[in-house]
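The block underneath contains the structure these notes are about, expressed in structure tokens.
Please treat every number below as a calculation from the coordinates, not as lab data. Note that the structure is a prediction, hence the values are computed from the model and not measured. Cβ sites come from the backbone with ideal geometry, for glycine too, and all protein chains shown count toward neighbours.
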Amino acid sequence: MKRRDFLGSLGAVGTTGMLSTPALLSSASRAFAQGNDIPVGLLFSLTGAVAVVESTLHDAALMAIEEINAAGGVHGRQLRPIIEDPASDPATYADRARRLMIRDKCVSVFGSYTSASRQAVLPVTEQRKNLYWYPTLYEGRECSRNVMYGGAVPNQQQDDLIPWAIENFGPRFYMIGNNYVYPKEENNYCKTLLEQYGGEVVNEEYVPLGHSDFSSVINRIRAEKPDVIFATVVGDSDVAFARQYHAAELDPSKMPVVSLTRSEVEVKAIGGEAAAGHFSSAPYFMGHATPENEKFVEAYKSRYGGDQVTHFVSEAAYFQVYQFKAALEKLDPANITPETIRDAAVGLRLNAPQGEILVDENLHTHLWPKIGQWQANGQAEVLVESKERIAPKPYAAYEGQTCTGQGLVKA
Amino acid sequence: MDVIANQLFAGLSMASILLMIALGLAIIYGAMGVINLAHGEFVMLGAYAAWALQTYVGIGILLALPFVFISVAVVGWIVEKVVVQNLYHRPLDTILATWGIGIILQQTVRLGVGAESRFVKGPDILTGNTEIGPLIMSNYRLFVIVFSIAVLAATWMLMTRTEFGMKLRAVIQNRGISECYGIEAKRIYSITFAYGAGLAGIAGALITPLFSTIPTMGTGLVVDAFLVVIVGGLGSLIGSAAASVLIGEATAIFSIVINDTLGRIAVLAGIILLIRFRPRGLFPTETRR
């Protein structure tokens, strides 16, 4: 390239740059000044390690926003989704959350799958007095006034599950999980339940995240002959574990894996044949028969492809947007702040795909736990459905501590 | 006792997978001195090739193996021709270049195929277990063990009993002199690199029924492969085999005595100790460079 050409093209780039920058700025400020739409942040990783799951949450939440907009928005105002990609990195979550809350003036941000990313956003949302909608099941032991927890906490997943498993299979539990906070807290709560119902732990074992060779674990299971494998293995580790468990020909009718983390997404990768006969505990399964769920699944499939699956986290990512909308509708349009949205959301009832849910004053959600058995077609058959909506107790394993509407109360 | 026997088998099975992954690297790194950080991605490509052949063409893993070998070898050959070949005199730069190639391959698969875990069905004839007394062995794992030994033997034959192997060994010992004798070192290197990549591809295809097939699956595997090659000694096939058995069995024993997390730490600590006292690995080859 000649020097003159180079300078010429450089000049062209420079000019477009200068032209476009003010245009961007003015459009942003105009939009806010008009005030005819409501900015909401979407903070799900679209790239990086957790994108596999988080992109489905992003899809579900975005679909809900567009459904609401297509139906006329809230008080005639449209929701304006502002999408950030934190690239699976907790520090980036905090950074992008700050950007959404300060620069884009979002009144709420929907995001996160892992606990690590939620905890990275936590100081930001608390400092900005904003509202972070977190759809994932998690280990509990958190009681922020600036996070809306849409997923199950240990007591919601386990209170029905543990006595049912003891009754149907026996009292000897083998705990296997990945080595991080979620499995440890779940096992912690499981142990208190086992004590209560006369069960016992034959082995408690943690493998590194991403661990993929389970032959030692399977040998140990074979030697110990437990009645139930209580699994909190996540993601690819769970896929490898399930496939090797199946390859070792351990019989699910004698030694079933009862998982808190295995959803339709994992089962699709495991293959229906290897997953069949094992169990999961979750408030939602794709095959659940409610009109709301049929509508959700159909809309999701027609939008993102017929081979896509919905699961217990994407369901929550979807219904949380509707909870947000219902809270906005209760408010005076002139008085929309994250805190008024939060206060309006408490006590709110909503027909979600899983059933009618309720927001507790501790900002967690009352859910309908179910126990499903996986079938060869990759779907779960719901065997046990909770008779009543189960209240969230994020500190169930810790006596004397309760999460209330005023935050954490220690006795 | 039962547990120990089963655990020894588990260790052997781990060793066979390690060997399959490390063999290609042992050749590329050991013979050519190229630190190929894209090796894990070749393994991943093999896994995806097996998936694609099964999903779109409908052939099972076993029949797919030759196609997987060829297709990944072609990718390796292109990588060698386009990038690595220009860097033989700058070994440190190959680290960066192959690392970059690895990222490109990984992201290409992520964008092209998708990030979610893919399902590959294992071969039907190899389902089930073989039981000898208390010892329960998965047929598929047995097959991988036998297959890895066969590949090791074939590679050994190739290196020591063929004209190509003789030329390769000559080039390894002294590239300049062997070129004087009419050996086309460039071509030898290309073929060797492609062969190593093809072996990685086979390893990837073989582990799909056991592991989860995702774009990032190679990242962890390449670390294990390097451990094997370094412990075994550069360029030594027998060393790689011995090292993979050693690491596989040590992992299995430690994980049953302590647990998987601490077992991994113990194995790595053991390797550091071993490298301290045998810096060139278990079976260093005596070559002049």
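When chain B is treated as a GNM, springs tying every alpha-carbon pair under 10 Å, which of B:Tyr56, B:Tyr29, B:Tyr140 comes out with the largest mean-square fluctuation? The residue with the greatest mean-square fluctuation here is B:Tyr56.
Here the calculated FRET efficiency for A:Ile102 and B:Leu92, from their Cβ-Cβ distance with R0 = 45 Å, stands at 0.55, rounded to the nearest 0.05. Electrostatic bookkeeping for B:Leu12 treats Lys and Arg as +1 and Asp and Glu as -1; over the other residues with beta carbon under 13 Å from its beta carbon, the sum is -1. Structure note, pairs A:Lys129/A:Lys370; A:Lys105/A:Lys301; A:Lys268/A:Lys393; A:Lys268/A:Lys301; A:Lys301/A:Lys330; A:Lys184/A:Lys393: Cα-Cα distances above 25 angstrom occur for A:Lys129/A:Lys370; A:Lys105/A:Lys301; A:Lys268/A:Lys393; A:Lys301/A:Lys330. Were the residues from A:Leu331 through A:Lys410 laid out at 0.36 nm apart, the gain over their Cα-Cα distance would be 25.2 nm. Mind grabbing the base-10 log of I(q)/I(0) for the range A:216-356 at q = 0.09, 0.12, 0.15, 0.22 Å⁻¹? Debye formula, identical points on the C-alpha positions, no solvent, two decimal places. These q points yield log10 I(q)/I(0) values of -0.40, -0.63, -0.83, -1.25.
Placing unit charges on the Cβ atoms only, positive for Lys and Arg and negative for Asp and Glu, gives the range B:2-277 a dipole magnitude near 540 debye about its Cα centre. Springs join every pair of Cα atoms under 10 Å in this Gaussian network model of chain A, and among A:Phe279, A:Phe214, A:Phe319 the largest mean-square fluctuation is at A:Phe214. Straight-distance candidates among the aspartates and glutamates for linking to B:Lys186, with alpha-carbon spacing under 17 Å and chain neighbours fewer than 8 residues away dropped: B:Glu80, B:Glu163. The helix-only estimate of mean residue ellipticity at 222 nm for chain B, built from DSSP H runs of length n ≥ 4 each weighted as -39500 (n - 2.57), is -23500 deg cm²/dmol after division by the residue total. Computed across chain A, the Kirkwood hydrodynamic radius from all distinct Cα-Cα pairs reaches 22.5 Å.
Computed over chain A, the per-residue total of -39500 (n - 2.57) for DSSP H runs of n ≥ 4 gives a 222 nm mean residue ellipticity of -14000 deg cm²/dmol, rounded to 500.
Over all directions, the projected convex hull of the C-alpha atoms in the range A:156-282 averages 6.6 nm² in area. Counting only other chain Cβ atoms within 10 Å of each residue's Cβ, the peptide A:217-229 averages 3.
For A:Lys387, the aspartates and glutamates whose Cα falls under 14 Å of its own Cα, not counting residues fewer than eight places away in the same chain, are A:Asp159, A:Asp160, A:Glu356. With the convex hull drawn around the C-alpha atoms of the range B:136-211, the volume per residue stands at 90 Å³.
With a cap of 13 neighbouring Cβ atoms within 10 Å, and only residues DSSP puts in a loop, list the chymotrypsin sites (Phe, Trp or Tyr not before Pro) found in the range A:354-406.
none
Computed across the range B:2-277, the Kirkwood hydrodynamic radius from all distinct Cα-Cα pairs reaches 19.2 Å.
Scanning chain A for GluC sites (Glu not before Pro) in DSSP loops with at most 16 neighbouring Cβ atoms within 10 Å leaves A:1-248 as the longest stretch between them.
Taking the square roots of five times each eigenvalue of the Cα gyration tensor of the protein assembly as shown, the equivalent ellipsoid has semi-axes of 48, 35, 21 Å, listed largest first.
Please work out the FRET efficiency for the pair B:Ala150 and A:Glu200, using the Cβ-Cβ distance as r and a Förster radius of 45 Å; give the result to the nearest 0.05. The calculated FRET efficiency here is 0.45.
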